[in-house]
Amino acid sequence: MPVERLRVGSVDEAADAAARIRALVPGGGHVAEGVAALIADVRARGDAALLEHAGRFDRFGDAPLEPLVVPDAELDAAVAGLDPELRAALELAIENVGLVAAATVHEDRDVVLPQGQRVRVREVPVRRAAVYVPGGRAPYPSTAIMGVVAARAAGVDEVVVATPSDDPVLRAACRLAGADRVYRFGGAHGVAALALGTETVARVDVVVGPGNLWVQEAKAQLAAEVGIDGFAGPSDLLVLADGSADPHLVALDLAAQAEHGDGSLVVLVTDAPALQDAVWALLEPGVGGSAPTEQTGAAYACVIVPDPVVGLAVADAFAAEHLELVGPTVEPLAGDVRSAGCVFVGAAGATAFGDYVAGSNHTLPTDGAARYASTLSARTFRRTMNEVHLGDAGPALAGAGIRIADAEGFVVHAASMRARQNGSSR
């Protein structure tokens, strides 16, 4: 795919440039009707529909579709069969992701208001959560780790994984990360089973994880019935670098992101035209074992800006899933970034570390959703609940509350508060 080359002269032009770059990746096909039919079928027929559609769409090699739940013995065998160095690497990733996830969990806290009432702000984990792990192009044990570990840090009672992959490393990762159960299915039908429940599959409260357009559409259609982390589209990376950046390292990071395949979007923003030329001279024929750019299925863009401040404006408007800041004039801007899924600072900060072992979660908002959405974390599996202790504050609050209720026409609301106005229930 050819490289889109742009010049942005001012902060005012940043939004238009970001929109042009986003337009390089076409929107997904229309699958809403097909997804709705699958959901309706699972809703009506439960396990029977799930087994039928898993047989049509999910790939397990020679593995049987039944039982729908992978036996514990198979998970234990997968762990036992791991190469020791790979097991150590998975355990390192689990530990680091867990430490960062735990930092996002807040203790209950009390807020005492001027009238004397006390409101306890509580965080409560959901009871059941599901992590969807794709199984199409390759197994993704790292995705299982990111979802399961975050849910465990949140205090979720039961964490399950659904995947159309029978890869032993993936199964081992599920076991090591602490999944209670692994299901042998994927697809929109699998998301429906998790959200609605079947005879075998217990209904969950939250479904998270990436997947193809059918999977994401199913999450969107079921969002009124189950919590979701968001709509996960193709992956993207924006590197904001000055002229001191190492072209080879920048090219490697862009090529690594393009490795995600069709629809991936990789962008270099720089005030150094010489860096642009050097990076693309390495990237186009392939670097670090990557395919030439025209064979990857990814989209590429390069934006020349007059200075790092305009570069940051482009980055914020683009709202990258992954944002790298490289170079002494760029790295100090990290604290000014407003819209990015995850920010990697410095030449050592390859996005690939975040995909596996840095401790940050790699399930991030895509397609510009970083303007309003957050990375997957323990907070995805927790909800805030207020606990109100009014005590003797009723009389002090009643006058204001009654006036607002009267203004809204809620007569009984006003009566309920008026009954407490004098500190009694009569």
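The values are calculated or read from the model by the stated rules, or taken from the named source; none is laboratory data. As the structure is a prediction and not an experimental result, all values here were calculated from the model. Glycine gets a Cβ as well: all are built from the backbone with ideal geometry, and neighbour counts include every protein chain shown. Just the protein is used for accessible areas: all its heavy atoms, side chains included, with ligands, DNA and RNA removed. Shrake-Rupley method; radii C 1.70, N 1.55, O 1.52, S 1.80 Å.
Elements of the type strands (runs of 3 or more DSSP E) sitting completely within segment 310-407 and holding at least 2 residues that are surrounded by 19 or more Cβ atoms within 10 Å (Cβ to Cβ) and not hydrophobic (A, V, I, L, M, F, W, C): these cover 320-326. For segment 359-373, does any single residue satisfy the condition of being charged (D, E, K, R), farther than 24 Å from Ser235 by Cα and modelled with pLDDT under 95? Scanning segment 359-373 turns up no residue that is charged (D, E, K, R), farther than 24 Å from Ser235 by Cα and modelled with pLDDT under 95. Among the residues making up segment 222-255, those that are under 25 Å from Pro26 (Cα atoms), over 19 Å from the mean Cα position of the chain (by Cα) and open to solvent by 20 Å² or more (accessible area, probe 1.4 Å) are Leu252, Asp253. If the condition is being within 21 Å of Val100 (Cβ to Cβ), open to solvent by 10 Å² or more (accessible area, probe 1.4 Å) and assigned to a helix (DSSP H, G or I), then segment 153-174 contributes only Ala153. Set side by side, the residues Thr296, Thr329 differ, and just one is modelled with pLDDT under 95 and hydroxyl-bearing (Ser, Thr, Tyr), which is Thr296.
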